[in-house]
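I have placed the structure first, in the form of structure tokens, so that the comments after it can refer back to it.
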Amino acid sequence: MVSSLRLAALGLAVSLACPAFAADLPRAQRPEEVGLSSERLSRLGEWLEGEVRRGAIPGAIIVIGRQGRVAYEVTAGFRDREAQAPMTPDAIFRIASMTKPIVSLAVMMLAEEGRLSIADPIGKYLPEWRETPQVGEARGAEMVLVPARRAITVQDLLRHTSGITDASPGDHPVSAAYRASTVRASTNSMEEMSRKLAALPLLHQPGTTWEYSWSTDLLGRLVEVVSGTDLDSFVRTRITGPLGMPDTGFVAPEASADRIAQPQNDPATGRRPTMSNPTQRPGWFSGAGGMVSTARDYARFTQFLLDRGELDGTRLVSRNTIALMTADHLPPGTGTRDVVRGRFGPLAPTAEMGQGFGLGFAVRNEQGRNPLPGSPGDYYWGGAHGTYFWVDPAEQMYVILMMQSPQMRLPYRFQLRQLAYQSLL
């Protein structure tokens, strides 16, 4: 067992009963009540203690819930190592792509209300997408534009088969065009973002390839057009407010600035990795990666998912909609570029790894194939700054990792899965 003195010296505290964390969620007095081993969970604390001590990360928060109760929480290291500010359970994190499940939920709420259909072409709602998109085909060093064989649908945006890409590395001329674009300039409006994106060629024919992309930014614009309110207001009034997630949104109040977790200085440059200031309101709200949250708030969101669309008597969507969102929507034979596989490793939503992608989440389809532990039917996603979560309905469990350490995101996700599952009794 990790000694409390050693943990305190590193600003690391472990609570098995979680008396001060997620206090409004039901909690187990001991992990054994929900089928987890206290002794084996201590390995999580030991692991984080070592990572903070060796300077790999400034700090982190992990929370595990099972059978409807918060079972374990570890708060480690520093919220801001350079300021020697300890990590606290109410620290606010830039969750990047963990925004996507929340915005995808917003789309599905509108679908339940009959205000859109995910089978529809996006041009039905976004005028700038009504003309047939062009697909950029590489022929040597040149790019030739050919018409898309079909329209992009809302479902394509939700499952990342739209043919849209992002500004990630790659030598394809379309990738270079995205990197040179001003689609994500902070001065854009939501409409301008969508219009600029529509002017760029697609990397793939719609429906043929899973390509991690800016598709969810378009979903954010879709929510605004269909609902008649801005994305921030819709999410706040329809999702985070009803679910009791006060610290989750696209803008953090100035009063909470001293709770924002910061990355540590890069030893190679002596500077922090570049991250946005969450207290500054952007020109447009990125549905793909613009939100902040706390471990406590995201625990409520994952419990809502595990409870199939309801939390504390508040139902936002039907259990059938959650089942639809967390099923694999990738058609047989869906392609994935090698450069994309490399970004995710064993967490890539590929048949090779026994996984696919639903409506806002990657999903595991099979036991085996994948070197990481999990259960068929579990679903997950993470953020570029280091945050990660998954929900395992078969084990009635969720796990959340909050940290601001971009360079460590994949190794920690792999290790966390191993350490979480080994604690099951």
Task: Restricting the stretch 162-191 to residues that are closer than 21 Å to Val225 by Cβ and among the hydrophobic types (A, V, I, L, M, F, W, C), the residue that is surrounded by the most Cβ atoms within 10 Å (Cβ to Cβ) - done: Ile164
TODO: Could you identify the single residue in Gly59, Gly55 that is among the small types (Gly, Ala, Ser), buried (at least 16 other Cβ atoms within 10 Å of the Cβ), closer than 23 Å to Ala261 by Cα and under 26 Å from the mean Cα position of the chain (by Cα)?
DONE: Gly59
Task: Evaluation of Arg337 against (1) modelled with pLDDT of 95 or more; (2) crowded, with 19+ Cβ neighbours inside 10 Å (one fails), failing number - done: (1)
Open item on the list: Can you find, within the stretch 112-123, the residue that is surrounded by the fewest Cβ atoms within 10 Å (Cβ to Cβ) among those that are touching a residue at least 40 places away in the same chain (Cβ under 8 Å) and not β-branched (Val, Ile, Thr)?
Closed with: Arg115
Open item on the list: Given (1) in a helix (DSSP H, G or I); (2) under 20 Å from Ile95 (Cα atoms); (3) modelled with pLDDT of 95 or more; (4) not small (Gly, Ala, Ser), identify the lone condition not met by Trp381.
Closed with: (1)
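Tell me the residue from Thr248, Thr237, Thr209, Thr229 that is surrounded by fewer than 23 Cβ atoms within 10 Å (Cβ to Cβ), touching a residue at least 60 places away in the same chain (Cβ under 8 Å) and of a type in the set (Ser, Thr, Tyr), please.
Unique residue meeting the criteria: Thr209.
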Task: Conditions (1) part of a strand (DSSP E or B); (2) surrounded by fewer than 16 Cβ atoms within 10 Å (Cβ to Cβ); (3) not β-branched (Val, Ile, Thr): number failed by Gly356 - done: (2)
- [ ] Identify the residue in the stretch 133-149 that is in a loop (DSSP other than H, G, I, E, B), modelled with pLDDT of 95 or more and not hydrophobic (A, V, I, L, M, F, W, C) and, among all such residues, is surrounded by the most Cβ atoms within 10 Å (Cβ to Cβ).
- [x] Pro133
TODO: Within the stretch 404-420, identify whether any single residue is in a strand (DSSP E or B), in contact (Cβ under 8 Å) with a residue 12 or more places away in the chain and buried (at least 17 other Cβ atoms within 10 Å of the Cβ), and answer yes or no.
DONE: no
- [ ] Looking for whichever is part of a loop (DSSP other than H, G, I, E, B) and of a type outside the set (Ser, Thr, Tyr) here; the options are Gly333, Gly342. Which one fits?
- [x] Gly333
Task: Check on Ser194, surrounded by 16 or more Cβ atoms within 10 Å (Cβ to Cβ), out of contact with any His (no Cβ under 6 Å at 6 or more places or on another chain) and either more than 22 Å from Trp284 (Cβ to Cβ) or without any contact (Cβ under 8 Å) to a residue 24 or more places away in the chain (or both) - done: no
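The values are calculated or read from the model by the stated rules, or taken from the named source; none is laboratory data. Just so it is clear, the model here is predicted, and its values are computed rather than measured. A quick note on method: Cβ atoms are made from the backbone with ideal geometry, for glycine too, and the neighbour counts reach across all protein chains shown.
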